[in-house]
Protein chains: 2
Amino acid sequence: MTVFSLDGIGEVAPGDDLAALIAAAADGALADGDILLVTSKIVSKAEGRQLNAVDREEAITAETVRVVASREHPGGVTRIVENRLGLVMAAAGVDASNTPDGTILLLPVDPDASARALRAELRTRLGVRVGVIITDTVGRPWREGQTDIAIGAAGIRVVDDLRGTTDASGRLLTVTAAATADELAAAGDLVKGKASGRPVAVARGMAQIVTDEDGPGARALVRDAERDMFRLGSDEAYAAGFAAGLAAASASSS
Amino acid sequence: MTVFSLDGIGEVAPGDDLAALIAAAADGALADGDILLVTSKIVSKAEGRQLNAVDREEAITAETVRVVASREHPGGVTRIVENRLGLVMAAAGVDASNTPDGTILLLPVDPDASARALRAELRTRLGVRVGVIITDTVGRPWREGQTDIAIGAAGIRVVDDLRGTTDASGRLLTVTAAATADELAAAGDLVKGKASGRPVAVARGMAQIVTDEDGPGARALVRDAERDMFRLGSDEAYAAGFAAGLAAASASSS
């Protein structure tokens, strides 16, 4: 697998044709089976998802389905929330870095749809069958540092499900399903770099996971909250339990 | 960046010289600045970390520092625990797949030390200055599928800390620190594959993060529990809160 970034994609503005910008930057180098790793920020910009920065807290609230955890720190409060895409992220994914002064940027309305549209347009324009992943950067429980994950996808197998296959000893692999799309997003981050203005990378040599169909998209990588052992922050869950314990005691004593 | 797997590393047995096996499989292809992505399983096997499978629950308990969450399912109980390496993992990282029948495999005693030793030995043997990452596969909150992370490292910058640098608009990047070693581990998993018997990959083209010093290792990627908003499962935290709420009510009514 080779992973390289595309040079020459400048600032993206509302209404820009991303497929045209990427096709020009690729300069004939895109081939069947390539997987495009596109930073969500430029998708949002092209889709006009920019807002005035004064609305930041309001924007976060509007993007939030439920608060998962929050913590005060000297600079304010970090809210980890599940957003309308099912993604658990700090500030719901509302972004205030690498945006024009006084503005913030929302995530694309539907990153899977954005990926599908970009894929179709590149197919029409260049005649190539590529996979597309829209990436964003997230923090993680238990680990320092952030990684990129797939928040949108089209034309790739987002999970490489090995359950039901056997290992080298002939034993059944019961719990192994690699989150391929997230691993590709992470690989792309290594060559894109946050500060360098290279928002698109290409992974080549992974044609075996590129599909004819658009497929279920990155939404398939979202675990439903009710199946998640970490659906709520530890402090938040403790506080809810404490309140319920107090209420139970008062109910039984009355 | 190019990521490729090494062919020809067969079954690894206790006492095997991993550096010799890798040097033979690389067949002169390793170069300064390459980063080796080594599946922890073969490190454990070489280090003789195999046990009888009858001791599985006992082994998990022995490797556990604290239980983070647990859930019953038809096949038994999944315990997510923090192990003695600070890693939060299902079954403490004790592995029962791809091991000889009737055996289980513990993680290396000190994966950062294993990485350092492998690096030094490859330098002596081949005269190359490479980075080494020991990888393992983990599940994640909020996301379906597993990814590989770095559980041991030597000679690479495990976190690419951009805090204090500026974005393209000249604005300070305040929270961006890419978990480079985890992203490399993820990239390696894409070319290694669980079922294919290729436990070592090489990432080439990332020499800028390979260092002269061994550095802090993958331990630096572990977030301390007391700083972690998800240090305890939601159900477990709720139950602890509930008990405390009952106790508080009974203390105030007596």
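The values are calculated or read from the model by the stated rules, or taken from the named source; none is laboratory data. Since the structure is predicted, the reported quantities are computational estimates derived from the model, not experimental observations. No Cβ is skipped: glycine too gets one built from the backbone with ideal geometry, and neighbour counts run over all protein chains shown. Accessible surface areas use protein heavy atoms only, side chains included; no ligands, DNA or RNA. Shrake-Rupley method; radii C 1.70, N 1.55, O 1.52, S 1.80 Å.
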Verdict on residue A:155 being within 18 Å of the chain's Cα centre (by Cα), at pLDDT 95 or above, more than 7 Å from chain B (Cβ to nearest Cβ) and over 23 Å from residue B:221 (Cβ atoms): yes
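Would you say residue B:84 is away from chain A (no Cβ under 14 Å), open to solvent by 30 Å² or more (accessible area, probe 1.4 Å) and in contact (Cβ under 8 Å) with a residue 60 or more places away in the chain? Let's see the steps before the verdict.
Working: away from chain A (no Cβ under 14 Å): yes; open to solvent by 30 Å² or more (accessible area, probe 1.4 Å): yes; in contact (Cβ under 8 Å) with a residue 60 or more places away in the chain: no.
Answer is no for this residue.
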When only residues in the stretch B:104-142 that are open to solvent by 20 Å² or more (accessible area, probe 1.4 Å) and in a strand (DSSP E or B) count, which is farthest from the other protein chains (Cβ to nearest Cβ)? B:136
Counted residues, the stretch B:216-230 - those being more than 9 Å from every other protein chain (Cβ to nearest Cβ) and buried (at least 20 other Cβ atoms within 10 Å of the Cβ): 2
Among all residue pairs at least 6 apart or on different chains, which show Cβ distances below 6 Å where the first residue, located in the stretch B:210-221, is more than 16 Å from residue A:144 (Cα to Cα) and the second is outside any loop (DSSP other than H, G, I, E, B)? B:210/B:131; B:210/B:156; B:214/B:116; B:214/B:154
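Output yes when any residue across the stretch B:90-99 is in contact with a Gly (Cβ under 7 Å, 6 or more places away or on another chain) and surrounded by fewer than 21 Cβ atoms within 10 Å (Cβ to Cβ), and no when none is. Give the steps one after another, and end with the answer.
Our first condition is that a residue be in contact with a Gly (Cβ under 7 Å, 6 or more places away or on another chain); within the stretch B:90-99, this holds for B:90.
Pick out the ones that are also surrounded by fewer than 21 Cβ atoms within 10 Å (Cβ to Cβ) and you get B:90.
Yes, because at least one residue in the stretch B:90-99 is in contact with a Gly (Cβ under 7 Å, 6 or more places away or on another chain) and surrounded by fewer than 21 Cβ atoms within 10 Å (Cβ to Cβ).
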Extreme residue, farthest from residue A:108 (Cα to Cα), among residues of the stretch A:13-57 that are part of a loop (DSSP other than H, G, I, E, B) and in contact with a Pro (Cβ under 8 Å, 6 or more places away or on another chain): A:48
Report yes if some residue within the stretch B:37-47 is open to solvent by 40 Å² or more (accessible area, probe 1.4 Å) and at pLDDT below 95; otherwise report no. no
Considering only residues that are surrounded by fewer than 24 Cβ atoms within 10 Å (Cβ to Cβ) and either outside any loop (DSSP other than H, G, I, E, B) or in contact with a helix residue (DSSP H, G or I) (Cβ under 9 Å, 6 or more places away or on another chain) (or both), which ones fall in the stretch A:148-162? A:157, A:159, A:160, A:161
Pairs with Cβ under 7 Å, 6+ apart, first in the stretch A:231-254 and surrounded by 19 or more Cβ atoms within 10 Å (Cβ to Cβ), second of a type in the set (Lys, Arg): A:234/B:231
